[in-house]
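Note sheet for the following structure.
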Amino acid sequence: MACFLGLLASLVLYLKGNWTEHVCAHGNREMNVVERFYLGWEMNPRLAGVDIKMWLYQVGGSRLLINILLACIAQSAQEGMNVAMVIYTLEFTWFLTDYFFFEHVHLYTYDLFAENVGFKLVWGCLFFFPFVYCIGMLPLLVNPQPTSNTIILCMSPIVFLLGWVLSRGANLQKYHFKQGRKSSVLGIREEAIGDKLLVSGFWSLSQHINYLGEVLMATGLALLGGYPRNGWLWVLPWIYPLYYIGLLFPRQSADAERCHKKYGKLWEEYIRRVPWRIIPGLY
């Protein structure tokens, strides 16, 4: 049903954008019908005064949390929650609570200010976000004891929290900078090129250290069920971090191209100061 609703809502927004194309974002008129349906016409469409983009993220995140809690209830009713499930639930609940608490910070992230609302975002928020992000729970549900490996049970929250620190710290630092507030990150003096491009704190590590944080959080979650002991199901939890890699690495390239056009020589100075794209010392 969610898959069908995502497709239907995408079609409605496509027709709306086609009818009111004078308010569409970016003006990519050279796109064909398929590309326009997938990427969308408008950046911030509104219906009855509601910002559709923000509404989609709220619905997707809320439904994801409901799915996780329902899975926990189902397992508790059968044989009780295993340790891996408890850790998985706590990590994802932390992720979603943080997501909603710092909702205002997301207004300065790439998908909010640079992407249109099309099938990619609509179907993603109504189906992919709430149902595929938590696919790593399946081996935890099927196998009463998915892993008893103490190292993995300890590594998961460590990797997850490291990713959270990088992602939340970087996004929060950028938010304060955009708001004109002076913030001190780990005692490092804030520095920016042309008062526009941060080159201190988290943003001295790589051009998109927050993307590395997102991948690490997904990896921490995947470790709990992505274990060969779970038969072929061990592959499923790794869909989440692999999806992030497929999404964020191309997005970094698109953002770099956009920033080069926007900032010109300032951007060239920036990539000289911060040469690594996502992974410090590697990529």
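The values are calculated or read from the model by the stated rules, or taken from the named source; none is laboratory data. A quick note: this is a predicted structure, and the numbers were derived from the prediction, not measured. Glycine also receives a Cβ, built like all others from the backbone with ideal geometry; neighbour counts cover every protein chain displayed. Just the protein is used for accessible areas: all its heavy atoms, side chains included, with ligands, DNA and RNA removed. Shrake-Rupley method; radii C 1.70, N 1.55, O 1.52, S 1.80 Å.
In what sequence, highest mean first, do 252-258, 64-70 appear when ranked by Cβ atoms within 10 angstrom?
On the way: 252-258: 13.9, 64-70: 16.0.
Put in order of decreasing packing, that is 64-70, 252-258.
Under 9 Å from the Cβ of Val105, count the other residues' Cβ atoms, weight Lys and Arg +1, Asp and Glu -1, and hand me the total.
Values: positive: Arg168, Lys174; negative: Glu103.
Result for the neighbourhood of Val105: +1.
Ratio of region 194-283's C-alpha Rg to 2.2 N^0.38 Å, to two decimals?
1.35
What percentage of the solvent-accessible surface of region 209-264, computed with a 1.4 Å probe over protein heavy atoms, is contributed by carbon and sulfur atoms?
Details: 1700 of 2420 Å².
Answer for region 209-264 is 70 percent, counting heavy atoms of protein chains only.
Suppose all protein chains stay in the model; what accessible area per residue would a 1.4 Å probe give for region 190-283, in Å²?
Values: 4470 Å² over 94 residues.
The answer is 48 Å² per residue.
Identify all aspartates and glutamates with a Cα-Cα distance to Lys53 below 15 Å; exclude those on the same chain that are fewer than 8 residues away in sequence.
Result set, ordered by chain and number: Glu42, Glu103, Asp111, Glu115.
Could you work out the percent of alpha carbon pairs in region 194-246 separated by over 18 Å, rounded to a whole number?
Details: 634 of 1378 pairs.
Taking all Cα-Cα pairs of region 194-246, the fraction more than 18 Å apart is 46 percent.
Return the subset of Lys196/Lys262; Lys178/Lys262; Lys120/Lys178; Lys174/Lys265; Lys196/Lys265 for which the Cα-Cα distance in this structure is over 18 Å, preserving the input order.
Numbers: Lys196/Lys262 11 Å; Lys178/Lys262 16 Å; Lys120/Lys178 27 Å; Lys174/Lys265 21 Å; Lys196/Lys265 12 Å.
Checking Cα-Cα distances, Lys120/Lys178; Lys174/Lys265 exceed 18 Å.
How much of the accessible area of region 43-117, in percent, comes from carbon and sulfur atoms when a 1.4 Å probe is used?
Numbers: 2480 of 3550 Å².
After summing per-atom areas, the C and S share lands at 70 percent.
If packing is taken as the mean number of other Cβ atoms within 10 Å per residue, what is the order of 34-40, 210-216, highest first? Walk me through the numbers before you get to the answer.
Values: 34-40: 17.4, 210-216: 23.4.
Peptide ranking by packing, descending: 210-216, 34-40.
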